[in-house]
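Report on one structure; see the data block that follows.
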Amino acid sequence: IGTDEAIGIGDGTTRRFALARHYGDQSRRITRPVVGSVSVKIAGRNATGFGLEPGGWLLFDTAPAAGAAITASFTFDVPVRFAEDRLSATLAGFRAGAAASVPLVEVREA
């Protein structure tokens, strides 16, 4: 979950901003926000007049004013794949209520 994540500063002309999640000194682009979970603030006030484009891009109807801080709150999905080609599981494990370990690897998107 990203809460009030800084995504840019308005310049009066730019209308498109990428969602990002910050972890201390590092940040990651958010390419798969959950539809309906995105809320935006411009200069600390709730914003309207924006749409969510594929790939986690916000597109404002009108460019935010120069110097206005833009923040967003959202939930997001992380694409993953199985780390191995095969999973080993036995029926005895399922009957005992044990779940097989399923290692996953994050798929980085551009």
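Search region 84-110 for residues being among the basic types (Lys, Arg) and farther than 27 Å from Arg29 by Cβ, and hand back the single one that is modelled with the lowest pLDDT. Even if it seems obvious, please write down each step before you answer.
Filtering region 84-110 down to residues among the basic types (Lys, Arg) leaves 86, 95, 108.
Adding the requirement that they be farther than 27 Å from Arg29 by Cβ leaves 86, 95.
Details: Arg86: 78, Arg95: 60.
Looking at residues that are among the basic types (Lys, Arg) and farther than 27 Å from Arg29 by Cβ, I get Arg95.
Do you know which residues across region 16-26 are under 11 Å from the mean Cα position of the chain (by Cα) and either more than 14 Å from Phe76 (Cα to Cα) or surrounded by 14 or more Cβ atoms within 10 Å (Cβ to Cβ) (or both)?
Narrowing region 16-26 to residues under 11 Å from the mean Cα position of the chain (by Cα): 18-22.
The answer is Ala18, Leu19, Ala20, Arg21.
Give region 53-62 a look and list any residue that's hydrophobic (A, V, I, L, M, F, W, C) and surrounded by fewer than 19 Cβ atoms within 10 Å (Cβ to Cβ), or say none. Explain how you work it out, then say what you get.
Of the residues in region 53-62, the ones hydrophobic (A, V, I, L, M, F, W, C) are 57-60.
Result: Trp57, Leu59.
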> Does region 19-29 hold any residues that are out of contact with any strand residue (DSSP E or B) (no Cβ under 6 Å at 6 or more places or on another chain) and among the small types (Gly, Ala, Ser), and which are they?
Replying inline: Gly24
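Of all the residues that make up region 33-42, how many are aliphatic (A, V, I, L, M) and loosely packed, with under 14 Cβ neighbours inside 10 Å? Steps first, answer last, please.
At the first step, the residues of region 33-42 found to be aliphatic (A, V, I, L, M) are 34-35, 38, 40, 42.
This time we only want the ones that are loosely packed, with under 14 Cβ neighbours inside 10 Å, so: 34-35.
The qualifying residues number 2.
Per-residue answers, yes or no, for (1) out of contact with any strand residue (DSSP E or B) (no Cβ under 9 Å at 6 or more places or on another chain); (2) surrounded by fewer than 18 Cβ atoms within 10 Å (Cβ to Cβ); (3) closer than 30 Å to Val107 by Cβ:
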{"site": "Thr3", "(1), (2), (3)": "no, yes, yes"}
{"site": "Thr14", "(1), (2), (3)": "no, yes, yes"}
{"site": "Thr31", "(1), (2), (3)": "no, no, yes"}
{"site": "Arg45", "(1), (2), (3)": "yes, yes, no"}
{"site": "Thr48", "(1), (2), (3)": "no, yes, no"}
{"site": "Ala66", "(1), (2), (3)": "no, yes, no"}
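The values are calculated or read from the model by the stated rules, or taken from the named source; none is laboratory data. On a predicted model such as this, the values are computed, not experimentally measured, just so you know. Don't worry about glycine lacking a Cβ; one is built from the backbone with ideal geometry, like all the others, and counts go over all protein chains shown.
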